[in-house]
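**Student:** Okay, handing you the structure first.
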Amino acid sequence: MNDASSAVLLGVARPAKPSGFSNALVFGWRAALKFRYVPEQMFDLVMTPIMFTLLFTFVFGGALAGSPAQYLQVFIPGILVQTVSFNAVYSGMGLSADLSKGLFDRFRSLPIWPLSPFAGLMVGDVLRHLIAGAIILSIGLALGYRPGAGLFGVVAAFLMLLAMGFGMGWIFIVLGLLIRTPMTVMTAGFAFLFPLVFASNIMVDPATMPDWLRAFVNVNPVTLMTTAVRGLMNGGATSADVLMALIAPALLTAVMAPLTLWLYLRR
Amino acid sequence: MSDQLAIAARGLIKRFGEVSAVDGIDLDVPRGMIFAILGPNGAGKTTLMRMLATLSRPDGGSATVMGHDVISAPASVRAAIAMTGQFASLDEDLTGRDNLVLLARLWGFRGHGAKKRADDLLAAFELTDAATRQVKDYSGGMRRRLDIAASLVVTPGVLFLDEPTTGLDPSARQSVWKMIRGLANAGVTILLTTQYLEEADQLAARIAVIDRGKKIAEGTSRELKAQVGSGFLHVHIADQGRIDDAATVLEQHLGHSVRRSAEGGALAVVAGSSAAAAKAVAALTAQGIEVSDFALGSPSLDEVFFSLTGRERAEEEQKQ
Ligand SMILES: Nc1ncnc2c1ncn2[C@@H]1O[C@H](COP(=O)(O)OP(=O)(O)O)[C@@H](O)[C@H]1O
Ligand SMILES: [Mg+2]
């Protein structure tokens, strides 16, 4: 750079300080760009739910519910909950990678709303949940799944899924802030998710489980969410189902968002 | 008084467990100056810079940057500074242009203005051709330039550059130097850290030498050289086998420790006066040690570092 170009470069006036909301939108734009530049992540995102849906429906469906067709009715809402849970891991891994590369040092030294980088991660999460959810629902419909509550029920169920993804997202963001290697974030996250997701009513009816396990399954937030999503899609959800399902995401946000901010700003 | 200073630090301390990474450093950097912090790996340069850039909270002491307190007014400090860290802080998945547009938007440039700002920066840093490539495909020199460009989206009062040329080849290093000089000419205060004595010598109006978390010397390059003593005697010994003998003789005659070149064969020592130097060379010859070449001159900054710390930079780096 010569003196002339640096004079032009440095002569520019500072723009007015943008709002926190505008900062958050910029990070959302970054999350959306990642889909364009890292198409590999779409493969994971698309293949895993397709495989799970097909395998479970045809391999276990008959044994678990009498026939694959009957199993689809209970399983599609469940696999949606499961997929959203596992998808939440991506932001945590991305965050951990950004932190270990020092990218967040730049963000931290900017005069921006401190939560805005995380809002951007959440935007990425929402996009991932919607893409994966739409794929699963399409396969389900193609295989014969019929949501008894119609379009309204499906939209309401997807909103519940996003609420759950939002709550789960904080767990992985905190893990991402604490752990400097993305793979470890994934391992730690799955160690926590596996019992929650599999000891639930997603795949099987808890009535067949031993009492001690059923006691856990019945209060497991994943079970509560699955019950609500099933009810909303297939018909028959009560407002109590919906409220119970929203307790965990609300608690997680109330506790983890301030913790995230504290971990991020601690210096 | 502190209004005239870009940076004023008093007794800064940062501990990591038992280690005092920064152990009571004072620093006064006038506005508009290129100021270098020179020290070996692990000296505490990055830790010091992170405290000044509000990324790390001091365990003791105080500092202001452009008149704002780093502890009580970090947001005001952040609005007045930019930092290019030791490792590129770029999003590798995005293109160079997207990285700059992202930052321009975060600073408040909107729509077309943000794109124009990004393109102006790319042009000034000779990255226009690579603008639409992903950063992960950039060379080390290009990455460094983009990283510095990213710090200039709005003109900072103080620009922090942590080891801006470490790992670059000589031509990339030259281009970063040219850029740093251009910025300084335009009035930006620059605080840079370096392990290269030559870099500090070439760029900086003032240099603080730090070692093990403490400032051990400060001044212009000329003052530092004077502080060590002028009259550095450089001696080449023909017979490698007699290097140890030669070093002993020189130490006895001149009373200062002798510094050996990495390749062996060359010795350097503070001589004080030309008369003392001549006597020392004569003593070598009298011992039957053949001197192939000798010269009296001012010390290099490497030699300055050696006489300030009594240690080689190289051996310090090997320990790391
Ligand atoms: N986050 C950290 N945790 C523990 N020790 C650290 C940390 N950062 C730096 N150190 C230690 O502090 C000392 C100074 O490090 P640093 O400031 O990075 O030196 P430099 O930048 O001069 O190479 C080193 O001994 C280093 O190991
Ligand atoms: Mg360093």
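**Student:** Quick one: if you stick a label point 7 Å off each Cα along the C-beta vector at B:S261 and B:S274, how many nm between them?
**Tutor:** So the label points at B:S261 and B:S274 sit 2.3 nm apart.
**Student:** While we're looking at this one, here's another question. Across peptide A:96-109, how many C-beta atoms of other chains are within 10 Å of each residue C-beta, on average?
**Tutor:** Values: counts 0, 2, 3, 0, 1, 7, 8, 8, 2, 11, 15, 4, 8, 15.
That works out to 6 on average.
**Student:** Across peptide B:107-113, what mean number of C-beta atoms from other chains lies inside 10 Å of a residue's C-beta?
**Tutor:** 4
**Student:** Divide by every residue of chain A the summed helix terms, -39500 (n - 2.57) for each DSSP H run of at least 4, and state the resulting mean residue ellipticity at 222 nm, rounded to the nearest 500 deg cm²/dmol. Numbers along the way, then the final one.
**Tutor:** Numbers: 13 runs with 209 residues, N = 267.
So the calculated ellipticity at 222 nm is -26000 deg cm²/dmol.
**Student:** Which of B:V209, B:V19, B:V176 moves most in a GNM of chain B, Cα contacts under 10 Å?
**Tutor:** B:V19
**Student:** Estimate the FRET efficiency between A:L143 and A:T187 by the formula 1/(1 + (r/R0)^6), using the beta-carbon distance for r and 25 Å for R0, to the nearest 0.05.
**Tutor:** It comes out at approximately 0.15.
**Student:** In addition: Which of the lysines could be linked to B:K136 by a straight reach, that is with a Cα gap under 26 Å, when you skip same-chain ones fewer than 8 residues away?
**Tutor:** Candidates past the 8-residue exclusion: A:K34, A:K101, B:K115, B:K116, B:K178.
**Student:** Further question on the same structure: How charged is the neighbourhood of B:A63? Take every other residue with its Cβ under 12 Å from the Cβ of B:A63, and add Lys/Arg as +1 and Asp/Glu as -1.
**Tutor:** +1
**Student:** Total Å² of accessible surface buried at the B-A contact, 1.4 Å probe, nearest 100?
**Tutor:** 4000 Å²
**Student:** Can you tell me what percent of all Cα-Cα pairs in chain A are more than 32 Å apart?
**Tutor:** 30 percent
**Student:** Computing the accessible area with a 1.4 Å probe over protein heavy atoms, can you report the carbon and sulfur percentage for chain A? Walk me through the intermediate numbers first.
**Tutor:** Values: 8740 of 11610 Å².
Within chain A, the accessible surface is 75 percent carbon and sulfur.
**Student:** Okay, moving on. Determine the shielding of peptide A:13-19 by partner chains: average, over its residues, the number of Cβ atoms on other chains within 10 angstrom of each Cβ.
**Tutor:** Average per residue, whole number: 5.
**Student:** Can I ask one more? Starting at the first residue of segment A:204-212, write each ³J(HN,Hα) from the Karplus equation 6.51 cos²θ - 1.76 cosθ + 1.60 with θ = phi - 60°, in whole Hz, x for Gly and Pro.
**Tutor:** 9, 6, x, 4, 7, 8, x, 3, 4
**Student:** Of the DSSP beta bridges with both residues in the protein assembly as shown, give the percent that are antiparallel, rounding to the nearest 5.
**Tutor:** Antiparallel: roughly 65 percent of the beta bridges in the protein assembly as shown.
**Student:** Given R₀ = 41 Å, FRET efficiency for B:A75-A:L127 by Cβ-Cβ distance, to 0.05? The partial results should precede the final answer.
**Tutor:** Numbers: r = 31 Å, r/R0 = 0.75.
Efficiency for this residue pair is about 0.85.
**Student:** Quick check on chain B: of the DSSP beta bridges with both residues there, what percent are antiparallel, nearest 5%?
**Tutor:** Beta bridges within chain B, antiparallel portion: roughly 65 percent.
**Student:** Can you give the angle from 0 to 90° between the axis of helix B:111-124 and the longest principal axis of chain B, with both taken from C-alpha atoms, to the nearest 10?
**Tutor:** So the helix axis and the longest Cα principal axis differ by about 20 degrees.
**Student:** Now a separate question. At A:S100 and A:F58, where each label point lies 7 Å from the Cα along Cα→Cβ, what is the point-to-point distance in nanometres?
**Tutor:** It is 3.8 nm.
**Student:** At q = 0.09, 0.11, 0.13, 0.14 Å⁻¹, what is the base-10 log of I(q)/I(0) for segment A:151-265 according to the Debye formula with one equal point scatterer per Cα and no solvent? Please give it to two decimals.
**Tutor:** -0.28, -0.42, -0.58, -0.66
**Student:** Could you give the accessible area per residue of segment A:58-118, probe 1.4 Å, as a whole number in Å²?
**Tutor:** 30 Å²
**Student:** Right, something else. Considering amide H positions built from the backbone, and no H for Pro or chain starts, which residues 5 or more places from B:T189, or on another chain, come under 5 Å of its amide H?
**Tutor:** Long-range HN contacts for B:T189: B:G32, B:L159.
**Student:** Skip the ligands, DNA and RNA, and give the accessible area per residue of segment B:24-139 with a 1.4 Å probe, whole Å².
**Tutor:** 34 Å²
**Student:** I've got another one for you. Can you compute 3J(HN,Hα) from phi for each residue in segment B:285-297, using the Karplus curve 6.51 cos²θ - 1.76 cosθ + 1.60 with θ = phi - 60°, rounded to whole Hz and x for Gly and Pro?
**Tutor:** For segment B:285-297, the Karplus curve yields 4, 4, 7, x, 8, 7, 9, 7, 6, 8, 8, 10, x Hz.
**Student:** Counting helices only, and only those DSSP H runs with n ≥ 4, report the 222 nm mean residue ellipticity of chain B as the sum of -39,500 (n - 2.57) divided by its residues, in deg cm²/dmol to the nearest 500.
**Tutor:** Value at 222 nm, helices only: -11500 deg cm²/dmol.
**Student:** Provide the per residue accessible area, probe 1.4 Å, for segment B:231-297, rounded to a whole number of square angstrom.
**Tutor:** Numbers: 3430 Å² over 67 residues.
Here the residues of segment B:231-297 average 51 Å² of exposed surface.
**Student:** Test of understanding: extend the Cα→C-beta vector of A:S22 to 7 Å, then name every residue of segment A:99-138 with backbone N under 20 Å from that spot.
**Tutor:** Flagged as within label range: A:107-121.
**Student:** Name the residues of segment B:93-108 whose amide N is less than 18 Å from a point 7 angstrom out from the Cα of B:T128 along the C-beta direction?
**Tutor:** B:96-98, B:100-101
**Student:** Now for a separate question. Summarise the long-distance tail of P(r) for segment B:219-315 by giving the % of C-alpha pairs beyond 20 Å. List each step's numbers first, then the result.
**Tutor:** Working: 1446 of 4656 pairs.
Everything past 20 Å amounts to 31 percent.
**Student:** Shifting gears a bit: Provide the FRET efficiency to the nearest 0.05 for the A:F216-A:A134 pair, computing r from the beta carbons and using R0 = 30 Å.
**Tutor:** Efficiency at R0 = 30 Å is approximately 0.40.
**Student:** Measure nothing but the geometry: give the 0 to 90° angle between the long axis through the Cα atoms of B:170-185 and the longest principal axis through the Cα atoms of chain B, rounded to 10°.
**Tutor:** 70 degrees
**Student:** Moving to a separate point now. Stretch B:K115-B:T248 to full length: gain in nm at 0.36 nm per residue minus the Cα-Cα span?
**Tutor:** 41.4 nm
**Student:** Oh, and also: In segment B:149-194, which residues become less accessible by 50 Å² or more once every protein chain is in place, relative to the chain on its own, using a 1.4 Å probe?
**Tutor:** Flagged in segment B:149-194: B:T155.
**Student:** Let me ask you something else. Take every Cα-Cα distance within the protein assembly as shown, group them into 20 Å bins from 0 onward, and report for each bin the whole-number percent of pairs it holds.
**Tutor:** Over the protein assembly as shown, the share of Cα pairs per 20 Å bin runs 18, 39, 26, 13, 4, 0 percent.
**Student:** Would you work out what percent of the accessible area of segment B:231-297, with all protein chains in place, is carbon or sulfur (probe 1.4 Å)?
**Tutor:** 50 percent
**Student:** Here is a follow-up. Straight-line reach from B:K225: which lysines fall under 20 Å, measuring Cα to Cα and dropping same-chain residues less than 8 apart?
**Tutor:** The reachable lysines, counting only those whose Cα sits under 20 Å from B:K225, are B:K214, B:K215.
**Student:** Indicate the residues belonging to segment A:35-73 that lose 10 Å² or more of solvent-accessible heavy-atom surface (probe 1.4 Å) upon moving from the chain alone to the assembly of all protein chains, ignoring ligands and nucleic acids.
**Tutor:** Listed in order, they are A:Y37, A:V38.
The values are calculated or read from the model by the stated rules, or taken from the named source; none is laboratory data. Worth saying up front: this structure is predicted, and the values here are computed from it rather than measured. Heads up, the Cβs are rebuilt from the backbone with ideal geometry, glycines too, and the neighbour counts pull from every protein chain shown. When the accessible area is computed, the model is the full protein with side chains, heavy atoms only, and any ligands, DNA or RNA have been set aside. Shrake-Rupley method; radii C 1.70, N 1.55, O 1.52, S 1.80 Å.
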